[in-house]
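The values are calculated or read from the model by the stated rules, or taken from the named source; none is laboratory data. Keep in mind that what you see is a predicted model, and the values were worked out from it rather than measured. Please note: Cβ atoms are built from the backbone with ideal geometry, for glycine as well, and neighbour counts cover all protein chains shown. The area values use the complete protein model at the heavy-atom level, side chains included, leaving out ligands, DNA and RNA. Shrake-Rupley method; radii C 1.70, N 1.55, O 1.52, S 1.80 Å.
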Amino acid sequence: MITTEAKRNSTKKASAKTNSAKRRKQTVLLKVLTIAAMIATPLSSPAWLGLAPELAPELAPGLVPGLAPAWAAAPDGSTSLQKAVDEYQAEQYDQALSAFEKLCKDRTLSDTDQIFAQIGAGSAAYQNSHIKLAMKHYQSAHQLLNNNKKNTNEKTTAASTVALDASEKTRLQAELIADLGDVYYELEKYDRSIRYFKEALALSKDKKDYLEIYMRSLEGIAASLFKSKRIKESLPIYEEMAWRDRYLYGPLSTQYGWSLRVLVDVYEALGNHEKATACFDRSVWIFRLADRDRLVAELEGKSKASKEDLVARLTERTVGIGTEKPDLELKAAYTGETTPPEALPPHKSHHRPGQFHSELPWHRKRVIMHQPAAMQWVNPDVKARGIVVCIPGFGLHRSSFTALGQKLAEQGLLVYAYDVRGFGAYTSMKARDRIDLIKSTEDLETSLKTIRRDNPGLPIFVLGESMGGSIALQLTAKHPELIDGLIAAVPSSQRYKQWKLVSKIGLSIATGSKEPINAAPTVVNRATDDIALKHEWVVDPESRFTATPEEFLAVSKFLSNNKKYAAKITKTPVIMYQGVHDLLIKPEGTISLFRKIGTLDKDLSLIGRSQHLLFEQGQFSNNLLNSLCDWIKNHSPNRENGVNGEQGIDANNNEK
């Protein structure tokens, strides 16, 4: 029997523990709020989007032939594994992770099944940006595989599968080691990632069936060296990657163009500007050819011209006459091989829904780039009158301007839209997969110079929305000679309070966590009320809603410079747009930024019924489009073959 005194002592101890816990929580909260104050600059983004579970995309799972023979032949134990694989291949990674983790806890499974379950859980976690969880499962699988290799007489149960043979074990080992390299790369532990990638490279060398692992490992070593500032060591690997891609996918393939574009960064960092320029020019030519082919397919049958004339006109508008630059002489500078690899059959794009329907969790593919980081829209039947360069907001990408680009093209404007580093096509590319607004601004400067060179008679306007508006503003302040007009939609950094997101970022920084944070759930209801639009964002494979704490901090720091650069715009015409019903960015923030603009030739347009998005995702009205076109026409300078004095066309394609 417990005495009253004992009860009192017990109560005191419990109270002391509670007070101690409260003090610890208060200390952590104080640290979080302190850091939060440092990063309170808005992360303006219509695309930090999260959906309620009932709005999650419902993609039909698809069976794929050629499943791993080690468990596909099991009489009944593979049923649960098959279901988990179906969900993984349908890109339903949350459900796949849950299914695989349930299997990991099933003690009736054989070691072989456990290996596949652990790898499956690791790959599903990796695809969902749960990097530390992925590492845990990959390490468990690696340990099980090593034990399995020692035990060649594995006992089977009714729920077990056929044991792995020696070749399957070796391949799985190489795959797992490359997977571990990937997770350490994501956690920015580059010395470890290099070690794992080199081990995977050694296991996969000279084995045709291991090509995906070999190329992933080469790319991983190069990116890890580059990110750890060992640029000179990364150069021969990147040169070899480009050499291999040229033969594997073709000298005009977009993948080869991307390999050249990566070399631009390497050569620039090493001060070899001549080679950097040569790589950039060749990659631009390759990307423009790809864009021309896309436009031919889209416009054939819609244009008044014959296909031959259509190709000729689009070539002139998108690629340019006489703009081809010579290819580079590259070699296998890392391995010293002299025999070129055998060309591969055409690959399907890894940048659209269903991109991994043929991928197994334990046979992850190297991402093949079939899309440039830019898109163009032109109308070959209308005389060119000007150029508009579009920059998307946080989370979105070049395709978000498709509707706007098509409408502006009808009016004789050549429209370009570019991905920002860390978004769109960049999300799949190591060493360029991190958000970097400063480098993106430099990329745009180089692209604008190329556009100006190839279109000397046309005025250039830069249009950016949300985070893209901030980039456009700072780019205009730094390079007014390249830009004839700035169009900035909701470029302010002053947002409504989002303490939950800020607290998460602050806590991660305080604890030194490198784990990506999903910003979507915090701002989804502030970005738009359109359920269909939310769903569209979620199923878009190139949208990105997560970032590391350091990336968020860097974005905030970049946006905090807006007012400083606004004051430096003293001559370039400017128009700003702000939705009155924007619940993400405060209208008064855009008004305050507008007042800082130095030039007298500036306009501010408040859109009464609009939320955060104004131009992306087709959210503009005809009235808004007409006002934009009028402003562009009225601010087009008299350049050689310029547009002033010519008839304009309104948003309904009527002469005016």
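Considering the stretch 456-472, and only residues there that are among the β-branched types (Val, Ile, Thr) and assigned to a strand (DSSP E or B), the residue that is surrounded by the most Cβ atoms within 10 Å (Cβ to Cβ) turns out to be Val462.
Would you check if there is a residue in the stretch 393-410 being open to solvent by less than 10 Å² (accessible area, probe 1.4 Å), aliphatic (A, V, I, L, M) and either part of a strand (DSSP E or B) or on the phi > 0 side of the Ramachandran plot (or both)? No, the conditions are met nowhere in the stretch 393-410. Within the stretch 258-304, the residues that satisfy the criterion of being in a loop (DSSP other than H, G, I, E, B) and more than 18 Å from Gln406 (Cα to Cα) are Leu270, Gly271, Asn272.
Residues in the stretch 199-252 that are open to solvent by 20 Å² or more (accessible area, probe 1.4 Å), within 28 Å of Arg294 (Cα to Cα) and outside any helix (DSSP H, G or I): Pro251, Leu252.
Scan the stretch 489-508 for residues that are closer than 21 Å to Ile131 by Cβ and open to solvent by 10 Å² or more (accessible area, probe 1.4 Å) and jot them down.
Answer for the stretch 489-508, where residues must be closer than 21 Å to Ile131 by Cβ and open to solvent by 10 Å² or more (accessible area, probe 1.4 Å): Ser503, Lys504, Leu507, Ser508.
When restricted to residues that are open to solvent by 20 Å² or more (accessible area, probe 1.4 Å), more than 15 Å from Gln611 (Cβ to Cβ) and touching a strand residue (DSSP E or B) at 6+ places or on another chain (Cβ under 9 Å), the stretch 509-532 contains 2. Listed by first and then second residue, the pairs linking a residue in the stretch 96-107 that is open to solvent by 50 Å² or more (accessible area, probe 1.4 Å) to a residue that is of a type outside the set (Asp, Glu), with Cβ atoms under 6 Å apart and 6 or more places separating them unless they lie on different chains, are Glu101/Ala121.
Looking only at the stretch 431-450, residues that are under 25 Å from Glu316 (Cβ atoms) and either outside any helix (DSSP H, G or I) or polar (S, T, N, Q) (or both) come to 3 in all.
Check Arg261, Arg292, Arg282 and return the single one that is surrounded by fewer than 23 Cβ atoms within 10 Å (Cβ to Cβ), over 27 Å from Gly412 (Cβ atoms) and out of contact with any strand residue (DSSP E or B) (no Cβ under 7 Å at 6 or more places or on another chain).
Only one candidate qualifies: Arg282.
Ile438 falls short on exactly one of the conditions (1) out of contact with any Ser or Thr (no Cβ under 7 Å at 6 or more places or on another chain); (2) open to solvent by 10 Å² or more (accessible area, probe 1.4 Å); (3) more than 17 Å from Ala547 (Cα to Cα), and that condition is (3).
Every test in (1) of a type outside the set (Asp, Glu); (2) open to solvent by less than 70 Å² (accessible area, probe 1.4 Å); (3) without any contact (Cβ under 8 Å) to a residue 40 or more places away in the chain is passed by Lys563 save one, and that test is (2).
Picking from residues in the stretch 424-453 that are of a type in the set (Asp, Glu) and under 15 Å from Lys227 (Cα atoms), the one that is farthest from the chain's Cα centre (by Cα) is Asp436. Of the conditions (1) within 27 Å of the chain's Cα centre (by Cα); (2) open to solvent by 30 Å² or more (accessible area, probe 1.4 Å), Ser556 satisfies every one except a single condition; which number is it? Result: Ser556 passes all but (2). Would a scan of the stretch 473-482 turn up a residue that is farther than 28 Å from Pro549 by Cβ, among the polar types (S, T, N, Q) and open to solvent by less than 10 Å² (accessible area, probe 1.4 Å)? Yes.
Among the residues that make up the stretch 567-578, is at least one of them closer than 28 Å to Lys504 by Cα, open to solvent by less than 50 Å² (accessible area, probe 1.4 Å) and touching a residue at least 24 places away in the same chain (Cβ under 8 Å)? No, the stretch 567-578 contains no residue that is closer than 28 Å to Lys504 by Cα, open to solvent by less than 50 Å² (accessible area, probe 1.4 Å) and touching a residue at least 24 places away in the same chain (Cβ under 8 Å). A single entry from Arg421, Arg453 fulfils the requirement of being part of a helix (DSSP H, G or I) and without any contact (Cβ under 8 Å) to a residue 40 or more places away in the chain: Arg453. Specify which of the listed residues (Tyr247, Tyr214) is without any contact (Cβ under 8 Å) to a residue 24 or more places away in the chain and aromatic (Phe, Trp, Tyr). So the residue among Tyr247, Tyr214 that is without any contact (Cβ under 8 Å) to a residue 24 or more places away in the chain and aromatic (Phe, Trp, Tyr) is Tyr214.
Count of the stretch 186-198 residues, restricted to those that are open to solvent by 10 Å² or more (accessible area, probe 1.4 Å) and small (Gly, Ala, Ser), is 0.
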